[in-house]
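Each remark here refers to the structure printed beneath this line.
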Amino acid sequence: MIDFKQEIANTISKVIEINANELKEYIEIPKDTKNGDYAFPCFRLAKELKKAPPVIAQEIKEKIEIDTNYIEKVEIAGGYLNFYVPKMKLAKEVLGEIAKQEQYGASDIGKGKNIVIDYSAPNIAKPFHIGHLRSTVIGAALYKIYKYLGYNVIGINHLGDYGTQFGKLIEGYRLWGNEYDIDKNPIEELTKIYVRINELCKKDENVLQACRDNFKKLEDGDEYCVTLWKKFRELSLQEFQKVYDLLGSEFDSWNGEAFYSDKMPEVIDILEKTGKLVESQGAMIIDLEEQGINTPCIIKKTNGSTTYATRDLAAILYRARTYDFDKALYVTSYEQVLHFKQVFEVAKLLGLDEKYTKGLEHVSFGMVLLPTGKMSTREGNIVKLEDLLQESMTRAKEIIEEKNPSLPNKEEISKKVGIGAIIFNDLANSRVKDEIFDWNQILNFQGETGPYIQYTYVRTQSVLEKAGIEKDELKIENVKVETLQDSYSQNIIKLLYNFNEILQQVTEKNEPSILSRYLIELAKAFSVFYNENKIMVEETDVRDSRLYLTYAVGKVLKMGAELLGMEMPAKM
Ligand code: ARG
């Protein structure tokens with residue numbers, strides 16, 4: 001497809017001494033169509049050229065040679081140069097490309113690059129809480145989008161299957177195991193044991209010591225401890241899998257923290273050789289004061305056991321060697337900002353190529369705030385994710401039952417709508433923002449929600465169906481772009497054109513909400529188009545072109561939503 005931005009950058013680069021690729025990065029897509037299709041801000045050049053931005057804009061405008069194939073006109077607005085691309089050409093390009101490509105918007109920009117995404121990562125024997133839901137959903141969306149852009153992506157579920165808490169659990173189970181039915185209700189029962197043993201530890205120093213010893217034994221491969229640990233892991237995974245099945249989550253690797261237990265000695269060895277691993281109050285630490293981090297990174301605790309950070313360091317070493325990653329993303333809540341700062345800093349001491357340490361990135365996200373009372377369970381305020389997803393499906397079903405009682409396959413549709421609503425809500429806003437979980441909002445078919453995107457998609461399909469059009473009857477040859485000059489159609493065409501660019505922006509910022517916002521905009525643009533333009537008009541040219549545009553919107557909405565992890569119902 002013609003890259004208009006590139007063409008504009010090329011044009012400008014001929015008259016100023018900055019290369020086109022750099023210029024291309026400056027070019028913006030104006031929010032308001034009154035400012036053209038692309039805008040070049042001259043502010044950045046002001047310092048270097050020692051001239052006021054409007055003067056620079058004027059000079060560039062006078063000097064550049066315009067190729068009317070790519071640029072229709074240029075206007076100055078303050079310090080900006082606003083470019084207009086030829087509308088009909090753009091429309092032909094976009095619709096032609098959508099007709100041609102099964103995977104419209106895909107590219108091979110990521111070819112040869114390896115992206116490791118560490119996401120979900122719940123903790124064994126603990127509830128799969130809502131923070132992990134966010135990690136799972138954000139991680140899965142990034143996973144799909146990177147893939148779509150041609151990257152080789154490795155999804156890792158770095159399970160919390162190791163740590164001192166297992167020493168406690170083992171002790172608790174040893175003492176009271178027969179009182180709890182962990183086979184039936186693993187997470188709930190193990191949580192109870194965990195709470196109880198913690199209480200006892202607070203009162204009895206000897207029990208605490210026994211727990212610590214258990215953990216050490218576990219690291220050393222003691223049979224009783226290992227067998228129990230395996231059982232806890234297995235049972236927990238079975239329960240987590242129910243959530244993954246509902247969300248459709250997949251992973252390429254399930255190497256959790258325990259996987260690194262035999263890989264930590266090497267890390268400690270390397271760190272020792274740097275001379276930076278020092279003793280502090282009985283623990284082994286790396287001081288990071290000089291790097292501006294006030295809390296040191298603990299590598300070994302007083303009792304000699306390793307830490308969450310040590311395992312992450314071992315994982316970096318392993319992933320660099322195994323996957324030769326260009327980027328390694330860690331999707332967790334912002335509570336772990338300090339942890340990753342420390343780990344990424346210490347990773348620089350591991351002797352790895354800079355490529356790897358530069359590729360490490362913490363993709364953090366905000367909390368989910370629950371309107372109190374609404375979602376608490378009998379035990380307290382821990383929400384079981386499986387219940388949450390089930391509830392969403394039930395609520396979706398009630399709405400559908402009310403709106404469209406005669407719909408076939410209500411069960412399947414409610415699943416797509418209910419799960420889609422949760423996924424979209426999670427990705428709807430900039431990830432660092434805290435998220436408010438409000439049922440009325442999430443499932444509002446008219447709001448900026450997942451169901452709204454699905455509903456709009458379904459509408460495009462029913463327009464086509466009512467027109468009696470089968471997919472293969474829809475012919476790009478019948479489209480007359482001249483009939484799509486109205487602003488409603490034009491708005492859609494521009495959005496469709498930007499799809500690939502939007503996906504690239506998602507990967508640049510690791511921000512799926514850029515795609516969510518885009519889908520909302522596209523859905524809204526279609527609603528306006530649909531309300532303002534009659535589709536089934538007499539003139540076949542107009543009708544065929546509008547139908548094609550409708551088809552194109554449906555195709556991109558579906559593709560985009562699927563990249564976020566949602567499924568599209570055919571009807572709803
Ligand atoms: N299990 C951790 C938690 O629940 C998240 C792990 C994230 N990944 C990592 N490599 N540290 O907080």
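The values are calculated or read from the model by the stated rules, or taken from the named source; none is laboratory data. Keep in mind it's a predicted model, so treat the numbers as computed, not measured. Methodologically, a virtual Cβ is constructed for each residue, glycine included, from the backbone with ideal geometry; neighbour enumeration extends over all protein chains shown. Note: areas computed on protein heavy atoms with side chains; ligands, DNA, RNA excluded. Shrake-Rupley method; radii C 1.70, N 1.55, O 1.52, S 1.80 Å.
Set side by side, the residues G167, G160, G221, G172 differ, and just one is small (G, A, S) and under 25 Å from the mean Cα position of the chain (by Cα), which is G160. For region 298-320, filtering for residues that are more than 16 Å from the ligand (Cβ to nearest atom) and part of a helix (DSSP H, G or I) leaves 0.
Which of the residues belonging to region 353-374 are away from the ligand (no atom under 16 Å from the Cβ) and either touching a residue at least 24 places away in the same chain (Cβ under 8 Å) or assigned to a loop (DSSP other than H, G, I, E, B) (or both)?
The answer is D353, K355, L369, L370, P371, T372, G373, K374.
Against the numbered list (1) open to solvent by 50 Å² or more (accessible area, probe 1.4 Å); (2) within 16 Å of the ligand (Cβ to nearest atom); (3) touching a Leu at 6+ places or on another chain (Cβ under 8 Å), F232 comes up short only at (1). If you scan region 1-54, which residues turn out to be closer than 27 Å to Q490 by Cα, open to solvent by 30 Å² or more (accessible area, probe 1.4 Å) and among the hydrophobic types (A, V, I, L, M, F, W, C)? Within region 1-54, M1, I2, I29 qualify. For residues that are in a helix (DSSP H, G or I) and among the basic types (K, R), scanning just region 512-534, find the one that is nearest to S430 (Cα to Cα). This residue is R517.
Can you name the residue in region 102-124 that is on the phi < 0 side of the Ramachandran plot, in a loop (DSSP other than H, G, I, E, B) and of a type in the set (S, T, N, Q) and, of all such residues, is farthest from the ligand (Cβ to nearest atom)? Applying the filter and picking the extreme gives Q103. Among the candidates D220, D204, the residue that is charged (D, E, K, R), more than 20 Å from H158 (Cα to Cα), open to solvent by less than 90 Å² (accessible area, probe 1.4 Å) and free of Cβ contacts under 8 Å to residues at least 40 places away in the same chain is uniquely D204. Pairing each residue of region 128-153 that is at positive phi with any residue that is away from the ligand (no atom under 16 Å from the Cβ), provided the two are 6+ apart or on different chains, yields C-beta distances under 7 Å for G150/S107; G150/D108; G150/I109; G150/G110; G150/K111. Taking the criterion of being modelled with pLDDT of 75 or more, among the hydrophobic types (A, V, I, L, M, F, W, C) and open to solvent by 60 Å² or more (accessible area, probe 1.4 Å), the only residue of region 354-387 that qualifies is L369.
Of the residues L133, L175, L142, the single one that is part of a helix (DSSP H, G or I) and open to solvent by 40 Å² or more (accessible area, probe 1.4 Å) is L175.
Quick one: would you say T295 is more than 16 Å from the ligand (Cβ to nearest atom) and either within 13 Å of M264 (Cα to Cα) or modelled with pLDDT of 95 or more (or both)? Criteria met by T295.
Considering each residue of region 239-257 in turn, at least one proves to be over 21 Å from D312 (Cα atoms), open to solvent by 50 Å² or more (accessible area, probe 1.4 Å) and without any contact (Cβ under 8 Å) to a residue 24 or more places away in the chain.
For Y323, the stated conditions do not hold, so it cannot be described as within 16 Å of the ligand (Cβ to nearest atom), among the hydroxyl-bearing types (S, T, Y) and in contact with a Phe, Trp or Tyr (Cβ under 7 Å, 6 or more places away or on another chain).
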